[in-house]
Every structure is written in structure tokens, then in C-alpha cells.
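Before any comments, here is the structure.
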Amino acid sequence: MLPAEKRLRHSADFAATTRGGQRTGRPSLVLYVHPTGQPARVGFTVSKAVGNAVTRNRVKRRLRHLVAAQLRDHDAQNELRADLVIRALPKAATEPDRLAADFASVWRWAVGVAPGANPAAAGAIPEARQAARVAFWAQRPARRRLLPGVVAS
């Protein structure tokens with residue numbers, strides 16, 4: 001079980017995180033991150049689409065176990081300072097092995113997004129690769145929206 005200070009417990013906190021934060025998804029879950037500058041707090045959302053009550057609670061227990069292990073590691077280094085909401089998708093119940101891999105992937109992303117993060121731990125994009133991306137998109141012509149009946153010149 002996560003300690004009370006590590007959990008999101010109010011619907012307003014869930015709403016602020018899901019509406020105002022950044023999102024990334026994998027086949028079995030979606031993670032929302034809302035940087036706050038405060039120590040990490042986590043909330044879970046598991047809808048009825050995942051399964052019956054027993055299945056949903058099993059998925060939540062698995063996710064809590066994964067989160068608790070990561071929070072222990074990151075609290076010591078004070079790397080993650082954000083609110084997180086983890087939304088389980090139906091594949092979380094049918095493919096539990098994939099859940100752990102997907103969670104590890106989104107957690108690395110979250111550590112890179114939240115302020116105070118250690119970019120090396122997050123697997124950040126190397127500078128040369130990022131520079132190549134910027135150059136590529138700078139060379140690409142901007143798309144123009146044409147109105148119906150207007151011919152591009």
C-alpha cells in the first residue's frame with residue numbers, strides 16, 4: 001500500500017492531472033504527468049472495461065506494487081516531482097507480463113518529463129539526434145490548408 005502522502009485522493013487532483021498534464025500511452029496503460037514541484041503522488045483509474053471487480057482490483061494491486069518499487073528508488077534521489085495518474089486499459093488484465101514492461105517504459109518517460117528529473121536516467125534523446133530532428137522539421141515545408149475549390153499555386 002502506498003502511504004497517504006503518496007496518493008492522489010481527491011477528484012480535483014485527478015482532473016487537474018488528466019486535463020492539465022502530459023500524456024503517454026502503451027497498449028496496457030496510459031500515464032498522465034502533471035509537474036507540481038511537490039514530491040510525487042500517484043492515482044489509479046481502472047474502468048469497468050478492464051473487467052469485473054476482482055479483475056480491476058488485481059490490476060490495481062499490480063500497478064501499486066510497480067509504483068511503490070519505483071517511488072522508493074526515485075524518492076531517495078528526489079527525481080520525480082509531479083502528480084501522476086495511471087489509467088489501466090483492458091490489456092492490463094489480459095496480458096499481465098506486458099503490464100510490467102509498459103509501466104517501466106512510461107515511468108522512464110515520466111522521469112524525463114517532470115522537473116528536477118535526471119535526463120540520463122530517463123533515457124533522454126542524445127543532443128545530436130535532437131539536433132537532426134530539429135533540422136529535419138525546419139527544412140520541411142509547412143502544410144497549407146486550402147479552402148474547398150482553391151487550387152494550390
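The values are calculated or read from the model by the stated rules, or taken from the named source; none is laboratory data. Predicted model, so just to flag it, every value in this text is computed and none were measured. As a convention, Cβ positions derive from the backbone with ideal geometry for all residues, glycine included, and neighbour counts pool all protein chains shown.
When the stretch 37-50 is filtered for residues that are crowded, with 16+ Cβ neighbours inside 10 Å and farther than 13 Å from Phe14 by Cβ, the ones remaining, listed by number, are Ala40, Val50.
Restricting attention to the stretch 64-87, the residues being of a type outside the set (D, E, K, R) and either under 15 Å from Val33 (Cβ atoms) or modelled with pLDDT of 95 or more (or both) number 9. Among what's in the stretch 56-68 and is in contact (Cβ under 8 Å) with a residue 12 or more places away in the chain and under 19 Å from the mean Cα position of the chain (by Cα), pick the residue that is surrounded by the most Cβ atoms within 10 Å (Cβ to Cβ). It comes out as Val59. Run Ala53 past the list (1) within 18 Å of Lys91 (Cα to Cα); (2) surrounded by fewer than 11 Cβ atoms within 10 Å (Cβ to Cβ); (3) touching a residue at least 12 places away in the same chain (Cβ under 8 Å) and report the number of the one that doesn't hold. That leaves (3) as the condition not met.
Only one residue in Arg26, Arg19, Arg7 is surrounded by fewer than 20 Cβ atoms within 10 Å (Cβ to Cβ), over 21 Å from Arg61 (Cβ atoms) and at pLDDT 90 or above, so which one is that? Residue meeting the stated conditions: Arg19.
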